[in-house]
Each structure stands twice: as structure tokens, then as C-alpha cells.
């Protein structure tokens, strides 16, 4: 048997990060996915938005979400569909369906393109534009973008 859901959507609010009694953190996300289509009768463009509750228990993913994910960001989420039964304050039984990322399964990908902020000096004195507003996005190395952290201004003919 296989229980896996994959969603690509936008965060409707900043992630909610809570600490459990054990000290581990849990991230709760509100993810909006949308379908658009053209009405056959009227030709009018229609849209339907679904809201999904996502709960992340994987500590590495929680750290990434806490540091880099913000309202409006586009995310790819892979996890398991879980339905739980609970009783509200009035004693009425209710059901909630959510996407759950446990400790050893699930994936989160930040898909929002990095925004460029004002140039700043890196550790090597070179001025570059950093990714994200306030170091929001992880970079791939000391200089970012996979390039060396220094400028090569050689007269190489190729």
C-alpha cells in the first residue's frame, strides 16, 4: 500500500512553528492550490482554490521552513494523507484531513524564485547581490550561485 500526496501551492500565511514537550519542533502550514478552467457555456475563466493543512515533524525540514518559508512562497510538498478525529469544545466530533511529513518521509521544496536584494560585500571583499530579502534563501557556496567567491578578470580568449 502507498499513501503519498504531492502538492504545489502557495503559503497562505507564515508557517506556524511550535515546540512539543520533547523539545522537537512542529511546523504547520496553510497551503493553497488552485485550478483554473474556461466555462464551456459562458467562456468565462473560472478558478477554484483548495486549502490544505500541512504538518511537518521532520526536524531538518522544520528548520528549513522556519528559516526560509514565508507567506506567498510557492512550495512543493510531498507527504502522507492523514485523517484524524477530534472533539471540539462543544463536544461535537469532527474530522480533519491533512498532509503529514513524518521524521523519515516527505519533502519540501521552495519553488519561489529568489529575489535580489541590494549588493553587499561577501567574505572576500567582492560586491555581489545576495539572494532573498534578508538572507531568505540558502545559497550554494561562499559566493552564491555556484561561482567562486572572487572575480576572475583574465584575458582568456574563450
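The values are calculated or read from the model by the stated rules, or taken from the named source; none is laboratory data. Being a predicted model, the structure only gives us computed values, none of them experimental. As a convention, Cβ positions derive from the backbone with ideal geometry for all residues, glycine included, and neighbour counts pool all protein chains shown.
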Given the conditions (1) surrounded by 12 or more Cβ atoms within 10 Å (Cβ to Cβ); (2) at pLDDT 95 or above; (3) not in a loop (DSSP other than H, G, I, E, B), every one holds for residue 117 apart from (2)
Which of the residues that make up the range 42-51 are in contact (Cβ under 8 Å) with a residue 12 or more places away in the chain and surrounded by fewer than 10 Cβ atoms within 10 Å (Cβ to Cβ)?
47, 48
Here is a check on your reading of the model: is residue 33 in contact with a strand residue (DSSP E or B) (Cβ under 8 Å, 6 or more places away or on another chain) and closer than 21 Å to residue 113 by Cβ?
yes
Step by step: first the residues of the range 98-114, then only those that are touching a helix residue (DSSP H, G or I) at 6+ places or on another chain (Cβ under 9 Å) and in a loop (DSSP other than H, G, I, E, B), then the one that is surrounded by the most Cβ atoms within 10 Å (Cβ to Cβ). Which residue is that?
106
Just for strands (runs of 3 or more DSSP E) wholly inside the range 2-41: which have at least 1 residues that are within 21 Å of residue 67 (Cβ to Cβ) and free of Cβ contacts under 8 Å to residues at least 12 places away in the same chain?
16-19
Being more than 18 Å from residue 111 (Cβ to Cβ), touching a residue at least 24 places away in the same chain (Cβ under 8 Å) and in a loop (DSSP other than H, G, I, E, B) is the filter here; which residues of the range 52-97 pass it?
57, 58
